[in-house]
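Trainee: My questions will all concern the structure given below.
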Amino acid sequence: MKRHSAKRIIPGFGVSLGLTTSFVSMMVLIPMLFLAVQSSDAGWSGFRQALSDPRILAGYEVSFLCSFAAAGINCVFGLILAWVLTRYRFPGRRLIDGLIELPFALPTAVAGIALTALYSDKGWIGSGFAAAGIKIAYTRAGIIIAMTFITLPFIVRTIQPVLEQLDGAYEEAGRMLGASRERIFRKIILPELTPAILTGFGLAFARALGEYGSVVFIAGTRPFKTEIAPLLIMSKLEQFNYDESAAIALVMLVVSFTVMFGINCVQSRAASFSKG
């Protein structure tokens with residue numbers, strides 16, 4: 001009898017690996033390599049000069065600190081939102097769940113204009129703060145709000161599936177043993193959610209760091225105050241200074257990659273520890 005070989009849905013390993021490598025190279029590796037080559041055209045002295053400019057360093061400070069703050073805020077409120085959507089049933093739940101995806105679909109420029117109008121001194125929300133002497137638009141607070149808006153889905157969508165698949169038997173066992181709700185969350189639930197929270201934080205931080213459209217309107221163009229690094233890149237490109245713009249972008253790329261790589265290392269160690 002002839003043995004019938006099982007039909008493969010996808011090609012063999014060699015073909016699949018070749019297609020995957022080619023696609024990743026064209027979409028990720030080659031553009032990143034070109035960025036590194038472009039930034040090195042000016043030589044190390046030019047590269048160092050571009051990164052020692054006080055205005056550029058101030059732009060890095062604004063982008064890094066605001067991105068970190070926005071990702072941290074979303075880790076807290078994104079966890080609460082994912083918890084409510086997963087553990088409770090109430091009218092309008094599906095609507096709220098769908099609205100979370102809105103920052104993905106909304107053009108960033110539209111989001112920036114809407115947030116600026118809302119949080120300006122004459123806006124619905126900004127006017128109330130302005131009456132109390134607090135200015136939001138064209139400050140770092142406005143930048144953090146814009147970054148928080150654009151990165152919220154990354155946190156919620158990484159935590160929500162883990163909560164949905166979390167076995168409730170451990171929580172029930174904790175309650176039967178007399179553990180408080182706070183202790184059950186801290187000892188049972190939070191360790192299971194930590195890898196997802198770290199992943200969401202890394203994705204949100206990297207996304208906020210490179211955000212331009214939704215931030216530039218509410219940030220303004222105040223050097224050393226609210227000028228973000230992506231705005232400096234655009235300014236250098238408008239001046240046809242490609243070397244300095246590439247150098248600024250390369251630093252942001254290295255920082256984002258380092259954050260993501262560090263989070264992946266922490267996740268791998270946590271997974272190996274839990275299995276051990």
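Trainee: If every alpha-carbon in the range 123-266 counts as one equal scatterer, what log10 I(q)/I(0) does Debye give at q = 0.22 1/Å?
Mentor: At q = 0.22 Å⁻¹ the computed log10 ratios are -1.25.
Trainee: Follow-up. How high is the relative contact order of the chain, given as a whole-number percent (alpha carbon pairs under 8 Å, six or more residues apart)?
Mentor: Value for the chain: 30 percent.
Trainee: Give the residue list of chymotrypsin sites (Phe, Trp or Tyr not before Pro) in the range 110-203 that are DSSP loop and have at most 14 other beta-carbon atoms within 10 angstrom.
Mentor: Counting only loop positions with at most 14 other Cβ atoms within 10 Å, the chymotrypsin sites (Phe, Trp or Tyr not before Pro) in the range 110-203 are Trp124.
Trainee: Sticking with this structure for a sec: Output the Cα-based Rg and Dmax of the chain in Å, rounding Rg to one decimal and Dmax to a whole number.
Mentor: 23.1, 88
Trainee: Okay, next question. How fast does the range 205-276 diffuse by Stokes-Einstein, in µm²/s, taking the Kirkwood radius from C-alpha pairs at 25 °C and 0.890 mPa s?
Mentor: 173
Trainee: When the chain is modelled as a GNM with alpha-carbon springs shorter than 10 Å, which of Glu192, Glu211, Glu182 fluctuates the most?
Mentor: Glu182
Trainee: Using DSSP to call loops (not H, G, I, E or B), can you name the chymotrypsin sites (Phe, Trp or Tyr not before Pro) in the range 203-242 whose Cβ has at most 15 other Cβ atoms within 10 angstrom?
Mentor: In loop regions of the range 203-242 (DSSP not H, G, I, E or B), the sparsely surrounded chymotrypsin sites (Phe, Trp or Tyr not before Pro) are Phe224, Phe240.
Trainee: Further question: Specify the residue with the greatest mean-square fluctuation among Ser25, Ser67, Ser214, computed from a Gaussian network of the chain linking alpha-carbon atoms under 10 Å apart.
Mentor: Residue with maximal mean-square fluctuation among Ser25, Ser67, Ser214: Ser25.
Trainee: Still on this structure: Which of Asp167, Asp121, Asp243 ends up with the largest GNM mean-square fluctuation for the chain, with Cα atoms connected below 10 Å?
Mentor: Asp167
Trainee: In the range 45-94, which trypsin sites (Lys or Arg not before Pro) fall in coil by DSSP and have 15 or fewer other Cβ atoms within 10 Å?
Mentor: Arg89
Each value in this text was obtained by applying a stated rule to the coordinates, not by laboratory testing. This structure is a prediction, so every number in the text was calculated from the model and none was measured. Here Cβ is always computed from backbone atoms with ideal geometry, including for glycine, and neighbour counts include all displayed protein chains.
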